[in-house]
Structures are given as structure tokens and as C-alpha cells.
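**Student:** Take a look at this one; I'll ask things after.
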Amino acid sequence: MRNITFIHFIIGIFLVINFIPVFAEPVEDLDDIVVSATRWETPGIPTAGSITVITRKQIIESGANRVIDILRGRGGVQIRDLYGDGSRATVDMRGFGESAGANTLILVDGRRLNNTDLHAPDLSFISIKDIERIEIVQGSSTVLYGDQAVGGVINIITRQAGELDVDFEAGYGSYDHQLQILKLANRFDNGIGIRTSAERRLSDNYRDNNDLEYLNVFANLSYDWDRGNMFAEFQRTDEEIGIPGALFSNEINISRKQTTKPLDFNDTIADVFRIGGLFSMTPDWEVAGEYTRRDEDVNGNITFSGGFGFAFKQKRLHQSFNPRVRGKISFGHQEMLLVAGADIEKTDYELVSFTSSEQDLKSIYALATLPFNDVMSITGGLRKAWVENEIVTFVPITPDDHLTASTLGVTITSDNAWRFFIKREDNYRIPLVDEQTDVFFSGFPELKTQTGVSYEAGGEWYNRWFVSKLLGYVLKLENELSFNPLIGPFGQNVNLDPTRRTGLIFEVSVTPVDQLTVDAQYTYTDAVFENTAGAGARVPLVAEHQLHFSVTYRTAPHWSIYGEALLISDRVAGGDIANNFASLPGHGVGNLNLRYDDGAWNFSARINNILDRKYSDNAGIGFNPGSGNTETGFYPAPERNFILTLGYEF
């Protein structure tokens, strides 16, 4: 597979796409409404690229209670879950391993969850009940979304107020897991809408010192009129969780559930306030924008191997303003779709009492799609960004930078039965504020901005009962940002020599009858280092192969059964850049869900890890005081477990 060139893949795509339409029955309209292609609601995907939509119906039938379980195994998406409860999980697109949290952009209604420090986006702060759909954007999307959109973008679209809807749901499961959800939504005849929800979770979880207390409250007030809308919303999340840490092999042999760090914990309070709106100036031109303020206070304790540790406090204040405009410009008999805007972001970060940092990021962008005819269109765009840092550790530093990214792509469609695209896009990732600091030493060289280029080509074909997608890519990076734990006593953040990733994604969904849907997704990822002493070594924590298979059978008007299997190959342990230590073994896991829904009452019974596999979903190298050597530490995943939920809609 590594010898297959990008041009060979493109030729193969053309051959397949020219063969499939012979059997594909054109359909009148299979276009989903998507936001992520242009940052506006748009029928279908007008730009060059690939977007997969996970619908609310699919989410409900799966019985998933966490966002991370919905994304697990999806094409091009790999998940690493430290403790199996979704509270400390990382989404990885394009095979970034340890740095995936800063190279995959996570959005909620276009609002960034990503941080400008090393803390990965926290998907556990999103309630399943609030989700309308999830859009997975494959590949670099830097021109439209900016920093950290290197491997891809996941945009979680929440539900909007409609007819009066009052829902209550309660659940109980393994490890004394308790769940209560309350939701109220309504839109009045005068255009005013309200949407509120509250979610509470308690759990002992699988591991010792992994108790969870979680509360999430949300309120949205909106107003719609014939030429636009406006809204204001607030969310507060309060999470208290114990952090059990990794176990070495000798410790796992004694007990998979034990912890060697009984004092470690994280307590987080996060407040998000957001206000925005949209206004239609003319039938062809619209303006929109949002202001967001996110405050986070974190208290915790961390213990290193050998028993050394300390209590810490983190404070994050992230503010952003995102104005944009969309319009159509006539070119002869065709209309060019133009999207342009600005992203203005300011972050204040403090790690008490070691560091304080400020980062200001300003950027402007434009993306245009011009149809040549009814079959072919071209997409091009440009983003210019300026970043200013003020970072204070023991020595103040101000590593400022300015960046440019461009994209160019071509899309070909035919008879609404198939679609082909090819795209090139630049990308960048700005060093995080705490990647540029060291609380124990100073004088390290300033890190360079990670830059790269992505080449992608793909095809989709579909009819009333069959939808399929094939996508290939090459991603080349310069100065990739990573952490090397073997430099010095505590490790060091570094710029790597050039890295390369090539991959293949295949997805298929078949619905031969209304009662049955079969889905499968296969992801091949070849992520390696280049031009180093260990050239050809695999990037840690990236699986080369991943296969996800699911079946949904609707047995009666109100009943459905959902089953899924996930197979993932072995991965190099985190931090093992030279590939010298024990790897994280591959594993296979199956889940099953039974659901009843008559429109008022609903009931769900989900069994996770139904075959009771004993596996780990994450691993990293570290010092084992028991042996006196550097070894691989593992994070044991839960064995067979269940969750029962009962809900009523008034």
C-alpha cells in the first residue's frame, strides 16, 4: 500500500466512478443540509471535499449515551479513550496520535471546543439530547476554519426550538452509573424560541479513583423573522472526576481496576456565553456573526512515576468574534458562491503558579465556488492569519508569527448519482501556549509553527438503497509539533523532522428494505516519520487498520435492534518515537442495543463490550519504579457493561 502513488489512486477513482453509474439509479434529491462545507446551511456539498453526516435517527438507534461512542469507528476517525467513560477521550483524524487533540478541530454549532493549551477538546461536555446531527469533514480545512483544522473538522449541530417538546430520561448502568436528563423546547407564533436542557451523571466507573460527578445545564433564547434570526445562549458544565492513571504490565496482572495514583483528580467548571445572528440583506447576500466567551477553572492533582506530584490550578478565558458574509456573483450563465469572513480570537491562560500566557489570533478568509457548467465546478480560497503571544514563565517570550493558507479543488457530479472531487490545501498549527513553556527549565529554543499540505481525491455514488464513498489522501508536514518524553527528566516539546501520512477511507451503507440498514467503514492510515535516524518509524498511537461494521434492524413499528463491531490494529505506544517499546495490541469489540419508541415512551438497553474483551485503548511509555526501567504503561478499558434508559416525551 505504501508504494501506491497519489496519481495511481486518482486513476483508480476515475475507473470506479465511471463503472458504478451504470448500475446506479439516479435519485431526485439526496442532498442533506450541511453547515461545515461553507459555514452556512447549504443543500449538499458545493465545495471540493468530503463530508459525512451522522443523523439524529442514527444516534438514537445506536443507543449511544456519549458523543465519543457515536464517533468511534467512523471512517477516517480513530478514538483513544483513557478510561472508557468518554471523559478523557481524544478524536484523531489523519493519524496524529498524541497531538491529535490539537490537529483535529471540534466545533459545536461552529463554536470551537479546541483549546490553545495542551488540554484536548472535551466532548463529554456535550449532551446527546441536544444533538441534531454530526458533520465529519475529512482532511485539511484550514482556509475555512483556520488553526488546528489539519486532519479534519467535526461539527456538532444542536437542535433548534420547534413545536412544544418536553422530554425526561433516566438511566442506570454498570459501575452504579446514574443518568437524568430533562429538556424543554418551544417556538411561539411570534418567532420567539426557547430551548433548555439539564443533564446529571454519577458513576463509580470501571477503575479505582475514577468516580464521576457531572452536571450540565443549557439555555437558549432565539428570535426568528422573515429576514433572519438572533440568539443568546448560556451553558454551565461542572465535572469532578478521579484520574487513575496508567498501569504497567506487572500491575495489570495483579488488578486491571487498581490505581497507583489515588490522589489524582480534575475538577472543572466551564461557562460558555454566546450571542449571534443572521440577516438577509438581499435574496443573494447574507451576513452573520457570533461572539463567544468561554471561562474554565480547573483544580487538580497530578502524580508522576516515582511518587512526585503537585496540586495545580488552570484558568482559561477564550473570547472570539466571527463575522462573515455569503453571496452570489453572476458570471455569464453561472453564479459564483462566495463566503468571506474574519476570525478574531483572544485567549488568556494561566497555570497557577507557574505560567501565564496570552494569545491573540486574527485572520481573514475567502472561499469561492464557481460552476463551469451543470457537471463541473472549481473551488478556491485563501486565509491570512496573524498571531501574537505573550508567554511568561521564568523568562518572558513573545513568539509571534503570520501565516497564509490556500486551497484549490475541482468537483464533478453527474445525474445526482455520483460525485468526484480532487483538492489541494495548505494547513498550519500554531504552537500551543504551554508547548512553548517549561515550568522546570528555561532556555529551550522557540518552537516553529507546524505547516503542511494535503492532497485528497475521492468519489461518492448513491441511489435509493445504496450509498458509498472512497477517499484517498497524502498529508505532508514540516516542523510537526510533538512531545518527546525521553529528552531530559521531564521530556520536551519539539519540532519533528518531516512527516508523511497517506491513507484510504471506504464507507458503504446499504438499505435493501426499510427495516434493515447495514453500514461499514474501513480506514487505512500510514503515518510515518521521514528523514530521521529512525526514518520509516510509525507515528505513535495511530492504528494502520480500522474496520467498523454495524447493522440496524427495525423489527416492528416501535422496536429496533442495533449491533456493531469495531476492529482496530496494534498501535505504537505514546512517546515511543523510535518504536522500541511494547506496543498497544489491536482488539475487537462488539456492542448491542435494543430500543423501543412509540413516540411518547422510549426505552433503550445497551450492552458494551458484549464479548467481555480485556483490552486497553491507550498506552504510553514511562518510568516504572518497580523495575527501574522505562516501559509501556496501559489504560485498561472497561469489560462487559450495560446501560438502561427510560424516557417520556410530553
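The values are calculated or read from the model by the stated rules, or taken from the named source; none is laboratory data. Worth saying up front: this structure is predicted, and the values here are computed from it rather than measured. Methodologically, a virtual Cβ is constructed for each residue, glycine included, from the backbone with ideal geometry; neighbour enumeration extends over all protein chains shown.
**Student:** Restricting to the stretch 497-531, name every residue that is farther than 26 Å from Ala556 by Cβ and of a type in the set (A, V, I, L, M, F, W, C).
**Tutor:** Of the residues in the stretch 497-531, the ones farther than 26 Å from Ala556 by Cβ are 497-508, 521-531.
Correct list: Leu504, Ile505, Phe506, Val508, Ala527, Val528, Phe529.
**Student:** Residue check: is Gly73 in a loop (DSSP other than H, G, I, E, B), out of contact with any Lys or Arg (no Cβ under 8 Å at 6 or more places or on another chain) and closer than 24 Å to Ala637 by Cβ? Steps first, answer last, please.
**Tutor:** Numbers: in a loop (DSSP other than H, G, I, E, B): yes; out of contact with any Lys or Arg (no Cβ under 8 Å at 6 or more places or on another chain): yes; closer than 24 Å to Ala637 by Cβ: yes.
It is true that Gly73 is in a loop (DSSP other than H, G, I, E, B), out of contact with any Lys or Arg (no Cβ under 8 Å at 6 or more places or on another chain) and closer than 24 Å to Ala637 by Cβ.
**Student:** What number of residues in the stretch 616-634 are of a type in the set (Ser, Thr, Tyr) and surrounded by fewer than 19 Cβ atoms within 10 Å (Cβ to Cβ)?
**Tutor:** 2
**Student:** Please go through the stretch 605-614 and pick out each residue that is assigned to a loop (DSSP other than H, G, I, E, B) and without any contact (Cβ under 8 Å) to a residue 60 or more places away in the chain.
**Tutor:** Within the stretch 605-614, the subset assigned to a loop (DSSP other than H, G, I, E, B) is 609-614.
Across the stretch 605-614, the qualifying residues are Asn609, Ile610, Leu611, Asp612, Arg613.
**Student:** For residues in the stretch 28-51 being hydroxyl-bearing (Ser, Thr, Tyr) and surrounded by fewer than 23 Cβ atoms within 10 Å (Cβ to Cβ), which is modelled with the lowest pLDDT?
**Tutor:** If we take residues in the stretch 28-51 being hydroxyl-bearing (Ser, Thr, Tyr) and surrounded by fewer than 23 Cβ atoms within 10 Å (Cβ to Cβ), then Thr42 is modelled with the lowest pLDDT.
**Student:** Output the number of the condition that Val143 fails; it satisfies all remaining conditions of (1) farther than 30 Å from Gly242 by Cα; (2) crowded, with 21+ Cβ neighbours inside 10 Å; (3) free of Cβ contacts under 8 Å to residues at least 60 places away in the same chain.
**Tutor:** So the condition that Val143 fails would be (3).
**Student:** Right, here's the next one. Within the group Glu639, Glu631, which residue is more than 24 Å from the chain's Cα centre (by Cα), not in a strand (DSSP E or B) and not hydrophobic (A, V, I, L, M, F, W, C)? I'd like the intermediate steps shown before the answer.
**Tutor:** Values: Glu631 fails: not in a strand (DSSP E or B).
Residue meeting the stated conditions: Glu639.
**Student:** Provide a single number: the residues in the stretch 76-88 that are assigned to a strand (DSSP E or B), out of contact with any helix residue (DSSP H, G or I) (no Cβ under 7 Å at 6 or more places or on another chain) and surrounded by fewer than 23 Cβ atoms within 10 Å (Cβ to Cβ). So that I can check it myself, show each step before the final result.
**Tutor:** Step one: of the stretch 76-88, the residues assigned to a strand (DSSP E or B) are 77-81.
Remaining after also requiring out of contact with any helix residue (DSSP H, G or I) (no Cβ under 7 Å at 6 or more places or on another chain): 78, 80.
Still in the running and surrounded by fewer than 23 Cβ atoms within 10 Å (Cβ to Cβ): none.
Residues in the stretch 76-88 being assigned to a strand (DSSP E or B), out of contact with any helix residue (DSSP H, G or I) (no Cβ under 7 Å at 6 or more places or on another chain) and surrounded by fewer than 23 Cβ atoms within 10 Å (Cβ to Cβ): 0 in total.
**Student:** Shifting gears a bit: Please return the ranges of strands (runs of 3 or more DSSP E) entirely within the stretch 152-254 where 2 or more residues are of a type outside the set (Val, Ile, Thr) and farther than 20 Å from Gly276 by Cβ.
**Tutor:** 165-173, 177-187, 192-203, 212-225, 228-242
**Student:** Which residue is farthest from Leu566 (Cα to Cα), if the candidates are limited to the stretch 603-615 and must be surrounded by 15 or more Cβ atoms within 10 Å (Cβ to Cβ) and not polar (S, T, N, Q)? Steps first, please.
**Tutor:** Pass one, the stretch 603-615, residues surrounded by 15 or more Cβ atoms within 10 Å (Cβ to Cβ): 603-610, 615.
Next, only the ones that are not polar (S, T, N, Q) stay: 603, 605-607, 610, 615.
Working: Phe603: 25, Ala605: 19, Arg606: 16, Ile607: 14, Ile610: 12, Tyr615: 13 Å.
Among those residues, the one meeting the criterion is Phe603.
**Student:** Here is a follow-up. Taking the stretch 332-364, which residues are under 24 Å from Pro283 (Cβ atoms), in contact (Cβ under 8 Å) with a residue 40 or more places away in the chain and either touching a helix residue (DSSP H, G or I) at 6+ places or on another chain (Cβ under 6 Å) or of a type in the set (Gly, Ala, Ser) (or both)?
**Tutor:** Hit for the stretch 332-364 is Gly341, nothing else.
**Student:** Could you list all residues from the stretch 89-128 that are of a type in the set (D, E, K, R) and assigned to a strand (DSSP E or B)?
**Tutor:** Here is the first cut: in the stretch 89-128, the residues of a type in the set (D, E, K, R) are 92, 94, 98, 109, 111-112, 117, 122.
Correct list: Asp92, Arg111, Arg112.
**Student:** For the stretch 446-460, how many residues meet the condition of being surrounded by fewer than 19 Cβ atoms within 10 Å (Cβ to Cβ) and outside any strand (DSSP E or B)? Can you show your working first?
**Tutor:** We begin by selecting, within the stretch 446-460, every residue surrounded by fewer than 19 Cβ atoms within 10 Å (Cβ to Cβ); these are 446-448, 453.
Those left that are additionally outside any strand (DSSP E or B): 446-448.
Adding up the residues that qualify gives 3.
**Student:** Which of the residues that make up the stretch 194-237 are of a type in the set (Asp, Glu), surrounded by fewer than 19 Cβ atoms within 10 Å (Cβ to Cβ) and over 30 Å from Lys614 (Cα atoms)?
**Tutor:** Initial filter on the stretch 194-237 (of a type in the set (Asp, Glu)): 199, 204, 208, 211, 213, 224, 226, 233.
Subsequent filtering for residues that are surrounded by fewer than 19 Cβ atoms within 10 Å (Cβ to Cβ) retains 204, 208, 211, 213, 224, 226.
Passing the criteria: Asp224, Asp226.
**Student:** Step by step: first the residues of the stretch 352-361, then only those that are part of a strand (DSSP E or B), of a type outside the set (Val, Ile, Thr) and surrounded by fewer than 20 Cβ atoms within 10 Å (Cβ to Cβ), then the one that is modelled with the highest pLDDT. Which residue is that? Working first, answer last.
**Tutor:** Filtering the stretch 352-361 for residues part of a strand (DSSP E or B) gives 352, 355-361.
Among the residues that remain, those that are also of a type outside the set (Val, Ile, Thr) are: 356-361.
Retained after the next criterion (residues that are surrounded by fewer than 20 Cβ atoms within 10 Å (Cβ to Cβ)): 356, 358, 360.
On the way: Ser356: 73, Glu358: 85, Asp360: 92.
Top of the filtered list is Asp360.
**Student:** Another question, then. If I filter the stretch 279-301 down to residues being among the aliphatic types (A, V, I, L, M) and more than 26 Å from the chain's Cα centre (by Cα), which single residue comes out as surrounded by the most Cβ atoms within 10 Å (Cβ to Cβ)?
**Tutor:** Val287
**Student:** What do you reckon, is Arg187 more than 21 Å from Tyr428 (Cβ to Cβ) and touching a Gly at 6+ places or on another chain (Cβ under 7 Å)? Give the derivation first.
**Tutor:** Values: more than 21 Å from Tyr428 (Cβ to Cβ): yes; touching a Gly at 6+ places or on another chain (Cβ under 7 Å): yes.
Yes.
**Student:** Output the residue which, of all residues in the stretch 575-591 that are surrounded by 16 or more Cβ atoms within 10 Å (Cβ to Cβ) and among the hydrophobic types (A, V, I, L, M, F, W, C), is nearest to Tyr562 (Cα to Cα).
**Tutor:** Val589
**Student:** Based on this model, can you work out whether Gly245 counts as of a type outside the set (Ser, Thr, Tyr) and under 24 Å from the mean Cα position of the chain (by Cα)?
**Tutor:** yes
**Student:** Show the residue pairs meeting these rules: Cβ distance below 6 Å; 6+ apart or different chains; first residue within the stretch 508-529 and within 30 Å of Lys476 (Cβ to Cβ); second residue part of a strand (DSSP E or B) and among the β-branched types (Val, Ile, Thr).
**Tutor:** So the pair list comes out as Ala520/Val508; Thr523/Ile505; Asp526/Thr502; Phe529/Thr499.
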